[in-house]
């Protein structure tokens with residue numbers, strides 16, 4: 001009978017010590033998946049089945065009927081396109097503002113830089129509810145009610161995005177920027193050719209966060225958009241909640257379809273998202 005080598009014994013001991021951790025993570029993963037699994041099951045049943053006894057634990061056969069009813073009630077295909085259009089436009093311009101503002105606050109020395117950063121951080125502490133009335137009055141005075149620019153423009157400058165990119169650019173060596181300037185490169189070329197490629201993980205995290213923020217936005221689009229053809233997904237799904245009847249199976253199916261693009265986006269860029277957030281949080 002052969003004896004285990006010291007290395008094998010060490011690996012076995014490490015696996016035994018880490019087993020409780022992996023068990024807790026496994027249990028936590030299963031618990032976190034239960035709401036999503038229930039959403040999948042509920043979207044394939046009638047609403048009456050969801051309140052029966054016992055509760056359904058397997059998918060049913062009402063998926064196509066629920067999908068047809070969802071399309072008829074809220075024109076789900078149209079609102080999906082609306083949400084995608086708004087989220088993409090908002091993500092592009094908001095990310096550009098956050099990247100440029102974060103770079104300026106991190107690498108340019110000017111009077112009032114600390115005050116500007118402090119003001120930006122203070123805006124993160126202001127509740128959204130405080131801004132609704134003055135912003136609504138502003139949009140009404142401009143005649144922008146029920147328009148997409150009213151949904152996009154007031155929140156283009158994201159305090160979180162600016163702070164995230166500033167923290168990322170703080171780690172970039174000033175010597176490389178100075179060397180580029182000495183070689184005759186313009187500020188534009190230095191920024192886009194040297195600085196941005198290094199900050200790709202943080203930029204990916206910013207893009208995903210910004211897209212998710214706009215995709216899930218509810219209160220402000222609800223106030224701004226009055227026409228059904230302009231609704232976004234959260235606003236459209238809200239119209240399915242009536243005073244006397246709620247189509248829970250339709251709501252579950254709509255929520256499931258609205259979740260899939262975010263899930264796919266995160267699964268594709270999860271490594272960049274996690275590394276970007278951690279990278280931006282290293283320096284204080």
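Laboratory data are not the source of any read-out in this text; all were calculated from the coordinates shown. These numbers come from a predicted model, not from an experiment. Using ideal geometry, Cβ is built from the backbone for each residue, glycine included, and neighbour counts are taken over all protein chains shown.
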Handout entry: Where only C-alpha atoms are counted, convex hull volume of the range 113-221 per residue in Å³
Key = 141 Å³
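In which sequence would 212, 165 go, from the one with the fewest C-beta neighbours within 10 Å to the one with the most?
Fewest-to-most ranking of 212, 165: 212, 165.
Using the 10 angstrom Cβ neighbour count as an exposure proxy, how do 266, 188 rank, fewest first? Please report the intermediate quantities before stating the final value.
On the way: 266 14, 188 8.
In increasing order of surrounding Cβ atoms, one gets 188, 266.
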Completion exercise
So the FRET efficiency between residue 241 and residue 124, C-beta based with R0 = 25 Å and rounded to 0.05, is 0.25
Handout entry: Relative counts (whole %) of C-alpha pair distances in the range 143-189, using bins that are 10 Å wide
Key = 21, 26, 25, 18, 10, 0
Exercise for the section: Along Cα→Cβ, 7 Å out, is where each label goes; now give me the distance between the ones at residue 140 and residue 179 in nm to one decimal. Expected result: 5.8 nm
Completion exercise
Between the modelled labels at residue 55 and residue 108 (7 Å from Cα along Cα→Cβ) the distance in nm is 5.5 nm
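For the pair residue 97 and residue 186, what calculated FRET efficiency results from E = 1/(1 + (r/R0)^6), where r is the Cβ-Cβ distance and R0 = 22 Å, to the nearest 0.05? Please list the in-between numbers first.
Numbers: r = 21 Å, r/R0 = 0.94.
It comes to 0.60.
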Completion exercise
Here Rg/Rh (Cα, Kirkwood) for the range 75-127 equals 1.21
Practice task
Provide, as a two-decimal number, the C-alpha radius of gyration of the range 17-161 over 2.2 N^0.38 Å, N being how many residues it has.
Solution key: 1.60
Completion exercise
Rounded to one decimal in nm, the spacing of the 7 Å Cα→Cβ label points at residue 266 and residue 222 is 2.2 nm
Practice task
Any chance you could run the full-extension gain for residue 229 through residue 89? It's 0.36 nm times the residue separation minus the Cα-Cα distance, nm to one decimal.
Solution key: 48.6 nm
Practice task
With Rg/Rh (Cα atoms, Kirkwood Rh) in mind, check (i) 0.98; (ii) 1.05; (iii) 1.08 and report the label derived from this structure.
Solution key: (iii)
Handout entry: Helix-only [θ]222 nm of the chain, DSSP H runs n ≥ 4, -39500 (n - 2.57) each, per residue, nearest 500
Key = -23000 deg cm²/dmol
